[in-house]
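Colleague: Got a structure here, written out as structure tokens. Questions coming.
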Amino acid sequence: MRFQRPQAAILSERLLEPRRHIHVVTGPRQVGKSTLVQQVVDATGLPVRSASADEPTLRGIDWIEQQWQAARFAASASGKVGALLVLDEIQKIPRWSESVKRLWDEDTRKRIPLKVVLLGSAPLLVARGLTESLAGRFETLHLTHWSFAEMREAFGLNLDQYIFFGAYPGAAPLVRQPRRWARYIVDSLIETSISRDVLLLTRVDKPALLRRLFELACRYSGQSLSYTKMLGQLHDAGNATTLAHYLDLLGGAGLVVGLQKYAGDVARIRGSSPKLQVLNTALLTATSGMTLAEAKADREFWGRLVESAVGAHIANAAAAGECELYYWRDRTLEVDFVVRAGRRLVSVEVKSGRAPQAHRGTAAFAAAFKPQRSLLVGGDGIEVEDFLSQPVAHWISG
């Protein structure tokens, strides 16, 4: 039996419901969006029309209409059962949402039993189109990078392998060939995501700066840097607004994010220096030039990698809308991660070696903000493997 991600059951239920919605599946490249949708489509047994806009040159909106019309014929031929239209990489089409809205509304008026699934690997761009034109007509399902539990079940990765090689399912068969694995990550995932999901679709005045910022964010994952220090490292006469915007674009492509400092006040949170965080540890290690054995022998590097793995686990839950993620610092006191979900507040401190249960930063944060829970991951606290094996919601509310 093929491995299925839990989101497959959610999408299957939605497609079998009698009410009509446009189903939008988003997420970074190579997290299994197309595979998941294909598994669900095969299970429904509905006639399906599938097409992808993921081409080197952008297609026009007439392409959407051609695919839609072919799916309409299939729906009409199937009677009340209807048919399914799947369009992949929809964000590659200029003004795609306007065309989808017009065609969807035509089907609604004519009661054509056509169900539609749209996939996109640039969530920010997809979300923009949804809010501009398709309000009230869609439901989203965001796929994040794979969890440790998923990579272990599907590919048999152990904890150290997951921390080092990360969570790209397409790269998992290459872990025994580290150089080939690293080239695959750099060429097929990093370069493709930056060039085709960011630079090709969004105005970027300084593409070289964006690329260097990505490299910097990988190199300093787990550390907070002021925008001034970043510009100094990047040797660029840019500004904080540009860097913040580029971090948003890189985060939208599922690469790296800049976590904001928790302050209990939205205005102060937004003005803080970001803590850089990769969303998949493969992005950090593939560009490091290290092997797994070398990484483990370097205690400082391995410590940062463990913290980045824990941070990525929480950051992906935040990307799926399950929580919000910050860090906290007050002079020499700090907390690695602060997780907020509704009214619940949880602090998370990560230690890769043995460490005492009491931490001055955790105690200071608890005194200032009264979190419902303070977690130590690693050291004498929760085992890293246990933390990564459970969904973030388990640790927030369990």
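The values are calculated or read from the model by the stated rules, or taken from the named source; none is laboratory data. Since the model is a prediction, treat every value here as computed from it, not as a measurement. Cβ: placed from backbone, ideal geometry, glycine included. Neighbour counts: every protein chain shown.
Colleague: Test SER12 against the stated conditions and say whether it is surrounded by fewer than 18 Cβ atoms within 10 Å (Cβ to Cβ) and under 25 Å from ILE93 (Cα atoms).
Modeller: Details: surrounded by fewer than 18 Cβ atoms within 10 Å (Cβ to Cβ): yes; under 25 Å from ILE93 (Cα atoms): no.
Against the criterion (surrounded by fewer than 18 Cβ atoms within 10 Å (Cβ to Cβ) and under 25 Å from ILE93 (Cα atoms)), SER12 does not qualify.
Colleague: Quick one: TYR246 ticks every box in (1) under 17 Å from ASP336 (Cβ atoms); (2) part of a helix (DSSP H, G or I); (3) not acidic (Asp, Glu) except a single one, so which number is it?
Modeller: It is condition (1) that TYR246 fails.
Colleague: Taking GLY156 and the conditions (1) without any contact (Cβ under 8 Å) to a residue 12 or more places away in the chain; (2) outside the structural domain of ILE194 (by TED's automatic domain parsing), which numbered condition does it fall short on, given that it satisfies the others?
Modeller: (2)
Colleague: Related question: Looking at (1) outside the structural domain of LEU201 (by TED's automatic domain parsing); (2) surrounded by fewer than 16 Cβ atoms within 10 Å (Cβ to Cβ), which is the only condition PRO173 fails?
Modeller: Just one mismatch for PRO173, condition (1).
Colleague: Only one of these is at pLDDT 85 or above, hydroxyl-bearing (Ser, Thr, Tyr), out of contact with any Lys or Arg (no Cβ under 9 Å at 6 or more places or on another chain) and not in a helix (DSSP H, G or I): SER76, SER50. Name it.
Modeller: Numbers: SER76 fails: not in a helix (DSSP H, G or I).
Step by step, each of SER76, SER50 is checked, and only SER50 is at pLDDT 85 or above, hydroxyl-bearing (Ser, Thr, Tyr), out of contact with any Lys or Arg (no Cβ under 9 Å at 6 or more places or on another chain) and not in a helix (DSSP H, G or I).
Colleague: Of all residues in the stretch 372-398, which are among the small types (Gly, Ala, Ser) and more than 20 Å from TRP146 (Cα to Cα)? Lay out the reasoning, then the answer.
Modeller: Let us first name the residues in the stretch 372-398 that are among the small types (Gly, Ala, Ser), namely 374, 378-379, 381, 389, 393, 397-398.
Across the stretch 372-398, the qualifying residues are SER374, GLY378, GLY379, GLY381, SER397, GLY398.
Colleague: Could you please let me know if SER389 is closer than 29 Å to GLY156 by Cα, among the hydroxyl-bearing types (Ser, Thr, Tyr), touching a residue at least 40 places away in the same chain (Cβ under 8 Å) and touching a helix residue (DSSP H, G or I) at 6+ places or on another chain (Cβ under 9 Å)?
Modeller: Numbers: closer than 29 Å to GLY156 by Cα: yes; among the hydroxyl-bearing types (Ser, Thr, Tyr): yes; touching a residue at least 40 places away in the same chain (Cβ under 8 Å): yes; touching a helix residue (DSSP H, G or I) at 6+ places or on another chain (Cβ under 9 Å): yes.
Judged against the criteria, SER389 is a match.
Colleague: For the stretch 221-238, state whether one or more residues are within 24 Å of VAL126 (Cα to Cα), assigned by TED's automatic domain parsing to the domain that holds LEU292 and assigned to a helix (DSSP H, G or I). Spell out the reasoning first.
Modeller: First pass over the stretch 221-238, keeping only residues within 24 Å of VAL126 (Cα to Cα): none.
Within the stretch 221-238 (the criterion being within 24 Å of VAL126 (Cα to Cα), assigned by TED's automatic domain parsing to the domain that holds LEU292 and assigned to a helix (DSSP H, G or I)), the answer is no, since none of the residues qualifies.
Colleague: Under 7 Å between Cβ atoms, which residue pairs at least 6 apart in sequence (or on different chains) link something in the stretch 57-77 that is within 26 Å of THR192 (Cβ to Cβ) with a partner that is charged (D, E, K, R)?
Modeller: Here the result reads LEU58/LYS92; ARG59/LYS92; ILE61/ARG95; GLN67/ARG49, each pair linking the stretch 57-77 to a residue that is charged (D, E, K, R).
Colleague: Is the stretch 376-396 home to any residue that is at pLDDT 95 or above and of a type in the set (S, T, N, Q)?
Modeller: Yes - at least one qualifying residue is present in the stretch 376-396.
Colleague: Among the helices (runs of 4 or more DSSP H) contained in the stretch 130-215, which hold 2 or more residues that are over 30 Å from LEU231 (Cα atoms)? Quick ask: steps written out before the conclusion?
Modeller: On the way: elements: 148-155, 159-165, 178-183, 191-194.
Correct list: 148-155, 159-165, 178-183.
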